[in-house]
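Enquirer: The structure is given below, and queries will be raised subsequently.
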Amino acid sequence: MGMTEELVTWTHEQKCRKAVASLDKNGFTALYCDTPQDAAEYIIAGAADAVTVGFGGSMSIVALGVEQLLREQDKEILNHSAPGLSPAEKLAILRRQLTCDLFLSGCNALTLNGELVNIDATGNRVGAMLFGPQKVIVVAGRNKLVDGTPADAIARVKAWATPPNSKRLNFKTPCCSTGFCNDCNSPDRLCRVTTIIDRRPRLTDLHVLVVNAELGF
Ligand code: SF4
């Protein structure tokens, strides 16, 4: 690692650690991870007692490569994005994710004050983050950190997360073609449910891993 990269990494580490301290104060189980590998190891260890593992459709989780490892451990994988699923099968998986043993998700934005901000189209992902699964592990790369309010975090999601997500899913939204949000009223609008989790939901064992690496968008 050259000196510039070292200094950049150090600066990001301070922000990540600040978010972790705030999350801890807000009642979450929060952990700083130097690398994606550290996060993957935490997830694998955290899945030890799980029979069913739900995936919320997160590119950050995909980047960790844990799905295959969990499959090799004979976990039942509940991934509604798996290829070849009929609409009915997909819906059944989405429902089962709400009561799985371990639910894995990314986070669209995380404030340095320890608030998790997410925007969903269907609500399955944020629903499972709030209540239902035995354990939830959320992974946030350093690119998700926002030094500001939940309103700033929402702006970050609409500027940097929803446009590439629209494009990935080939949704017919303005942000898919221009890269900018215009608060559309498109039938394909992704922004339908916005959640701010500012304290750990009372009955949810919610862990947040803040990773000093770019993960997802
Ligand atoms: S409101 Fe519409 S244009 Fe704006 S980010 Fe959401 S889907 Fe894209």
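Enquirer: Are any of the residues in region 48-57 within 23 Å of Asp205 (Cα to Cα), at pLDDT below 95 and open to solvent by 20 Å² or more (accessible area, probe 1.4 Å)?
Expert: So far as region 48-57 goes, yes, one or more of its residues are within 23 Å of Asp205 (Cα to Cα), at pLDDT below 95 and open to solvent by 20 Å² or more (accessible area, probe 1.4 Å).
Enquirer: Determine, yes or no, whether Gly114 is over 19 Å from Phe55 (Cα atoms), within 10 Å of the ligand (Cβ to nearest atom) and modelled with pLDDT of 95 or more.
Expert: no
Enquirer: Right, something else. Can you pull out the residues in region 177-198 that are near the ligand (Cβ under 7 Å from one of its atoms) and over 13 Å from Thr122 (Cα atoms)?
Expert: Of everything in region 177-198, those that are near the ligand (Cβ under 7 Å from one of its atoms) and over 13 Å from Thr122 (Cα atoms) turn out to be Cys181, Asn182, Asp183, Cys184, Ser186.
Enquirer: As an exercise: evaluate Leu209 against (1) in contact with a helix residue (DSSP H, G or I) (Cβ under 6 Å, 6 or more places away or on another chain); (2) within 25 Å of Ala30 (Cα to Cα); (3) open to solvent by 60 Å² or more (accessible area, probe 1.4 Å) and give the number of the one condition it does not meet.
Expert: (3)
Enquirer: Where residues in region 167-176 are of a type in the set (A, V, I, L, M, F, W, C) and farther than 16 Å from Thr122 by Cα, which of them is farthest from the ligand (Cβ to nearest atom)?
Expert: Cys176
The values are calculated or read from the model by the stated rules, or taken from the named source; none is laboratory data. From a predicted model like this one, the values you see are computed outputs, not experimental measurements. Don't worry about glycine lacking a Cβ; one is built from the backbone with ideal geometry, like all the others, and counts go over all protein chains shown. Heavy atoms of the whole protein, side chains included, go into the accessibility calculation; ligands, DNA and RNA do not. Shrake-Rupley method; radii C 1.70, N 1.55, O 1.52, S 1.80 Å.
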